[in-house]
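A short worksheet on the structure shown next.
The values are calculated or read from the model by the stated rules, or taken from the named source; none is laboratory data. Owing to the predicted nature of the structure, the values given are computational and were not obtained by experimental measurement. Please note: Cβ atoms are built from the backbone with ideal geometry, for glycine as well, and neighbour counts cover all protein chains shown. SASA here: full protein model, heavy atoms, side chains in, ligands and nucleic acids out. Shrake-Rupley method; radii C 1.70, N 1.55, O 1.52, S 1.80 Å.
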Amino acid sequence: MRKVKMIASGRVQGVGFRWSVQFLALEIGDIYGRVWNNEDGTVTILAQSEHADKLSHFIHQIRKGPSRAAKVSYLDVTLANFPDLTDFQVKHI
């Protein structure tokens with residue numbers, strides 16, 4: 001299982017970014033995780049998959065900005081260790 005933590009900066013809050021990330025994960029399939037807004041204006045995404053190619057494609061699409069209104073200016077991607085997830089949810093914090 002490959003797991004990553006991403007922090008997206010740019011125009012990523014108030015533009016449907018989290019919902020677009022969730023839709024993208026469901027569209028690609030076999031991507032499980034969480035996405036939430038941070039107080040500093042960034043968005044955190046935890047993502048996991050058994051399929052490295054799908055996870056790479058997911059990351060690539062996030063870098064491009066999964067919605068027209070969003071503009072990702074920087075995406076920090078690091079390997080992560082979190083409990084296995086079985087769905088993809090938007091967290092409301």
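Structure above, values below:
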| item | result |
| --- | --- |
| Matching option when the condition is closer than 17 Å to HIS92 by Cβ and basic (Lys, Arg), among ARG63, ARG34, ARG68 | ARG34 |
| Residues located in the range 58-90, provided they are modelled with pLDDT of 95 or more and within 14 Å of PHE23 (Cα to Cα) | PHE58, ILE59, GLN61, ILE62, ASP87, PHE88, GLN89, VAL90 |
| Evaluation of ALA25 against (1) out of contact with any strand residue (DSSP E or B) (no Cβ under 6 Å at 6 or more places or on another chain); (2) modelled with pLDDT of 95 or more (one fails), failing number | (1) |
| Count of residues meeting criterion [over 13 Å from GLN13 (Cα atoms), surrounded by fewer than 17 Cβ atoms within 10 Å (Cβ to Cβ) and of a type in the set (D, E, K, R)] in the range 28-67 | 5 |
| Test set (1) of a type outside the set (A, V, I, L, M, F, W, C); (2) open to solvent by 60 Å² or more (accessible area, probe 1.4 Å); (3) more than 13 Å from the chain's Cα centre (by Cα) - GLY10 fails condition number | (2) |
| Members of the range 53-76 that are of a type outside the set (Asp, Glu), farther than 16 Å from ALA25 by Cα and touching a residue at least 40 places away in the same chain (Cβ under 8 Å) | ALA69, ALA70, LYS71, VAL72, SER73, TYR74, LEU75 |
| Cross-chain or 6+ apart pairs with Cβ under 6 Å, the range 8-28 first and without any contact (Cβ under 8 Å) to a residue 40 or more places away in the chain, then in a loop (DSSP other than H, G, I, E, B) | GLN13/GLY41 |
| In the range 68-88, residue farthest from SER9 (Cα to Cα) [restricted to those that are in contact with a Phe, Trp or Tyr (Cβ under 7 Å, 6 or more places away or on another chain) and not charged (D, E, K, R)] | THR86 |
| Which listed residue, of VAL21, VAL72, VAL77, is assigned to a strand (DSSP E or B) and surrounded by 18 or more Cβ atoms within 10 Å (Cβ to Cβ) | VAL72 |
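Listed here are the residues, each with its yes/no results for (1) part of a helix (DSSP H, G or I); (2) touching a Ser or Thr at 6+ places or on another chain (Cβ under 6 Å); (3) of a type outside the set (Val, Ile, Thr).
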position	(1), (2), (3)
GLY10	no, yes, yes
ASP30	no, yes, yes
ALA47	no, no, yes
HIS57	yes, no, yes
SER67	no, yes, yes
THR86	no, no, no
